[in-house]
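Please read the structure below before turning to the comments.
The values are calculated or read from the model by the stated rules, or taken from the named source; none is laboratory data. This one's a predicted model, so the numbers in the text were calculated from it and none came from an experiment. Because the Cβ atoms are built from the backbone with ideal geometry, glycine has one as well, and the counts that use them run over all protein chains shown.
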Amino acid sequence: MKNEMKLDELKKEVIVRVPVVRDGNVVYSLKSRRGPSKWRNLRNADYGKNPENDTPFRQLSFPENERLAFWAFSNDTELATKPVIQAVNSYWLTGNSLVVYTPKDFIGVDFPEESIVAQLGNDSKENITRIAESLKARLGKREDNDVVFSDDGRVRWTKREGIFTQDLSSKSALATYRGNIVLSGSLENADLTSKLADKYSANPKFWASDAKYAVRVPDLVASDIRLHVYAGNFGFNDGWFSFGGQ
């Protein structure tokens, strides 16, 4: 996907009702925000329908919602961007993605299967080891900055070593930090997140789980001065938002 994201409308007669962002082949509905709610509720939520073809919008992945956040903060004078900005500044912006930890592995997966979701917060060594091996079997040959990707980009792996909760040394450090690349889905998206961090005065912070075996929720949230990129949340509380698209 290219960095250019354009505010557009599906049809002239629904300009006010369903503003959208077109990002390559993906259509993001700015009226589809769901929350605040628990992560599992957002995963199962109804995100409405695309009036252009009457098909349901799906929940966006976390990398897709990160791209939407970058676009919204770059166009913050547009009224339609306010729900996205609020989701980051006042709550947690997440997506249909999870993070899998083992002592050696740090894995991001978009649109995870229910067997992975079932392990959220359970920290079962046996089950999570099996899940990690299954996800690694999907990896292809593409590798960027020590992150290996599946052919469809929906699974990203890097070694667990060096992935921990830390204040990053600069805003631009998000662009090359392996943990953020795994969450963001690509080097390009990681770079967009680093540009989003430029909106705040302090350097960003990356949060990781301390558990040896874990499945956790990724999200973006900001304090008044800092962007926080989380890879270690449970998603059990009611402060989460997500958007839909197609």
Within region 30-68, restricting attention to residues that are of a type in the set (G, A, S) and either over 14 Å from G95 (Cβ atoms) or surrounded by 23 or more Cβ atoms within 10 Å (Cβ to Cβ) (or both), which residue is modelled with the highest pLDDT? S61
N203 passes all but one of (1) in contact (Cβ under 8 Å) with a residue 12 or more places away in the chain; (2) in contact with a Leu (Cβ under 6 Å, 6 or more places away or on another chain); (3) in a strand (DSSP E or B); which number fails? (3)
Close pairs (8 angstrom Cβ cut-off, 6 or more residues apart or separate chains): within 20 Å of R178 (Cβ to Cβ) and free of Cβ contacts under 8 Å to residues at least 40 places away in the same chain in region 124-145, among the hydroxyl-bearing types (S, T, Y) and part of a strand (DSSP E or B) anywhere: R138/S150; L139/S150; G140/S150
Mind counting the residues in region 143-174 that are under 22 Å from P103 (Cβ atoms) and part of a loop (DSSP other than H, G, I, E, B)? 8
Can you find a residue in region 187-198 that is without any contact (Cβ under 8 Å) to a residue 24 or more places away in the chain, within 23 Å of K104 (Cβ to Cβ), in contact with a helix residue (DSSP H, G or I) (Cβ under 8 Å, 6 or more places away or on another chain) and outside any loop (DSSP other than H, G, I, E, B)? yes
Any chance region 212-219 includes a residue that's under 12 Å from F106 (Cα atoms), outside any strand (DSSP E or B) and among the hydrophobic types (A, V, I, L, M, F, W, C)? no
Some residue of region 112-123 being polar (S, T, N, Q), surrounded by 16 or more Cβ atoms within 10 Å (Cβ to Cβ) and in the same structural domain as S194 (by TED's automatic domain parsing): yes
Complete set of residues in region 127-142 that are in a helix (DSSP H, G or I) and among the basic types (K, R): R130, K136
Would you be able to tell me the number of residues in region 206-225 that are under 19 Å from N65 (Cβ atoms) and of a type in the set (K, R)? 1
